[in-house]
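Chemist: Would you mind keeping the following structure in view while I ask a few things?
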Amino acid sequence: MDPIVRHGGRTHCASPRHERPEGLGAQALHAVPSTLLIPLAARAGGGRNFPWLDCHDAHAAALLCGLGADSQPYLADGATVLNILWRTALLKTWGRAFFARHPDATGANLGCGLSTHFQWLDTGRNHWIDADLPEVAALRTALLPIQHPRWRNATVDLSQPGWWHTLGLPPQNSAQPVLLLLEGVLMYLEPAQAQAVLREFATEAPRGSLCLLDTLSHLAVGRAQHHPSVGPTGAQFRWGLHHPDELTAPHPRLQLQALRSVSECYGWAGWASETCWRPWLGAPLYGLALLGLDD
Ligand SMILES: C[S@@+](CC[C@H](N)C(=O)[O-])C[C@H]1O[C@@H](n2cnc3c(N)ncnc32)[C@H](O)[C@@H]1O
């Protein structure tokens, strides 16, 4: 049974203007929350241009329609679409490997936007939490009213400490680890806030937990206005890496297990260009990191 309840066909695409809940739509979102449309559009339609990375998202297209959003401007930004489909593929691979080892564990996608990654990571036994700021949580409740014994929507503000307990995530002495997903979110926080999020994960998470997050080079900070998709939203990049060590600096328990660069999508030319620029970039221009715990 599909766990997402579609009241009156609300997420059906035929006439989204009439089916959108009143007061809720893409245009009602503030700058940073509105960036959720970028990955949503990529997962909905990006596979047409990049079929080898098509994530086959079962919900993204209907959600875009439910919002009344036009995906064409986002899909025209091919480099960003490629980044997002690449990271989705890697998140699926890393997530599935985690849940293969821990089929009863909990997954939490914070700053989840309108993503539904549990469609790919449900083991039939694990639990999943999708959480975002109140305005996005309200959208999720309207467009994705989930009825599932192991999957729930929640509200979170990662700029405030204490979210681990507020979300009811398993305590450090729990036998089951947690998979924490922070996708396209920490770069919008101030550096001290992003570091505090990683510190809270390190302080609270049970043994064996993993945190998957995407990272920017410090050279992108303050330059979101030049990004073809993020620029028009008015959101700004605030946290970027001068060196990969900054991912583990917030807490001695943090361990960098992998840091992949999107440049791998661009073949030999991408690798050569990033290698040349690395002394200035300090870290991948855009990367995906896997943080574990040193227990
Ligand atoms: C680029 S979107 C990514 C959405 C989703 N992770 C995805 O990949 O589809 C950024 C998301 O981060 C959320 N976000 C930004 N600041 C946040 C905060 N302080 N606490 C929780 N979520 C936040 C936004 O509301 C938005 O949904």
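Chemist: Taking a probe of 1.4 Å, how large is the accessible area per residue of the chain, in Å²?
Modeler: Dividing the accessible area of the chain by its residue count gives 43 Å².
Chemist: Which order do peptides 55-67, 149-161 fall in by mean Cβ count within 10 Å, highest first? Show your work: numbers first, answer last.
Modeler: On the way: 55-67: 21.2, 149-161: 16.1.
Order by mean packing, descending: 55-67, 149-161.
Chemist: So how much slack lies between GLN225 and ALA272, counting 0.36 nm per residue of separation and subtracting their Cα-Cα distance, in nm? Don't skip to the answer; put the middle values down first.
Modeler: Numbers: separation 47, 0.36 × 47 = 16.92 nm, distance 2.63 nm.
Taking GLN225 through ALA272 to full extension adds about 14.3 nm, to one decimal.
Chemist: Next question. With the crude spin-label approximation of a point 7 Å out along Cα→Cβ, what separation in nm comes out for ALA97 versus HIS242?
Modeler: A separation of 3.1 nm, rounded to one decimal place.
Chemist: Still on this structure, I have one more. Okay, helix-only estimate at 222 nm for the chain: each DSSP H run of n ≥ 4 adds -39500 (n - 2.57), divide by all residues, round to 500 deg cm²/dmol; what do you get?
Modeler: Working: 11 runs with 100 residues, N = 295.
That calculation yields -9500 deg cm²/dmol at 222 nm.
Chemist: Using Cα centres only, tell me the gap between segment 190-268 and segment 102-155 in whole Å.
Modeler: If we compute the Cα centre of each part, the gap is 22 Å.
Chemist: Further, regarding this structure: At a 1.4 Å probe radius, carbon and sulfur cover how many percent of the accessible area of the chain? The partial results should precede the final answer.
Modeler: On the way: 7130 of 12820 Å².
It is 56 percent, rounded to a whole number.
Chemist: How many nm is it between the label spots at LEU256 and THR141, if each spot is 7 Å from the Cα in line with the beta carbon?
Modeler: It is 4.0 nm.
Chemist: Along the positive direction of the dipole of segment 9-293 (beta-carbon charges: Lys, Arg +1; Asp, Glu -1; about the Cα centre), which of LEU53, HIS242, LEU186 reaches farthest?
Modeler: Selected residue: LEU53.
Chemist: Would you please put 129-139, 278-288 in order of how densely packed they are, using the mean number of other Cβ atoms within 10 angstrom per residue and starting with the highest? Intermediate values should be presented prior to the final figure.
Modeler: Details: 129-139: 20.9, 278-288: 18.5.
Put in order of decreasing packing, that is 129-139, 278-288.
Chemist: Would you kindly calculate the translational diffusion coefficient of the chain, applying Stokes-Einstein with the Kirkwood radius from alpha carbon pairs, for 10 °C and a viscosity of 1.306 mPa s, and quote it in µm² s⁻¹ without decimals?
Modeler: Working: Rh = 19.4 Å.
Here the translational diffusion coefficient equals 82 µm²/s.
Chemist: Which length gain, in nm to one decimal place, applies between ASP104 and HIS148 when the Cα-Cα distance is subtracted from 0.36 nm times their residue separation? Please report the intermediate quantities before stating the final value.
Modeler: Details: separation 44, 0.36 × 44 = 15.84 nm, distance 1.56 nm.
Stretched fully, the ASP104-HIS148 segment lengthens by 14.3 nm.
Chemist: Sort PHE50, PHE118 by heavy-atom solvent-accessible area, probe 1.4 angstrom, most to least. Before the final figure, lay out the partial values.
Modeler: On the way: PHE50 35, PHE118 5 Å².
The ordering from most to least exposed comes out as PHE50, PHE118.
Chemist: May I have the pair-distance distribution P(r) for segment 140-258, computed from all Cα-Cα distances with 10 Å bins from 0 and rounded to whole percent?
Modeler: 12, 38, 33, 16, 1
Chemist: Now for a separate question. For segment 108-196, evaluate the Debye formula with one uniform point scatterer on each Cα (no solvent term) and list log10 I(q)/I(0) at q = 0.15, 0.20 Å⁻¹, rounded to two decimals.
Modeler: Values returned for q = 0.15, 0.20 Å⁻¹ are -0.58, -1.02.
Chemist: Just subtract the alpha-carbon distance of ASP295 and GLU190 from 0.36 nm times their residue separation and send over the number in nm, one decimal.
Modeler: Numbers: separation 105, 0.36 × 105 = 37.80 nm, distance 2.85 nm.
Gain on extension, ASP295 to GLU190, equals 35.0 nm.
The values are calculated or read from the model by the stated rules, or taken from the named source; none is laboratory data. In this text the structure is predicted, and so the values were computed from the model without any measurement. FYI the Cβ positions are ideal-geometry reconstructions off the backbone, even for glycines, and counts take in every protein chain you see. These area figures cover heavy atoms from the full protein model, side chains too; ligands, DNA and RNA do not enter into them. Shrake-Rupley method; radii C 1.70, N 1.55, O 1.52, S 1.80 Å.
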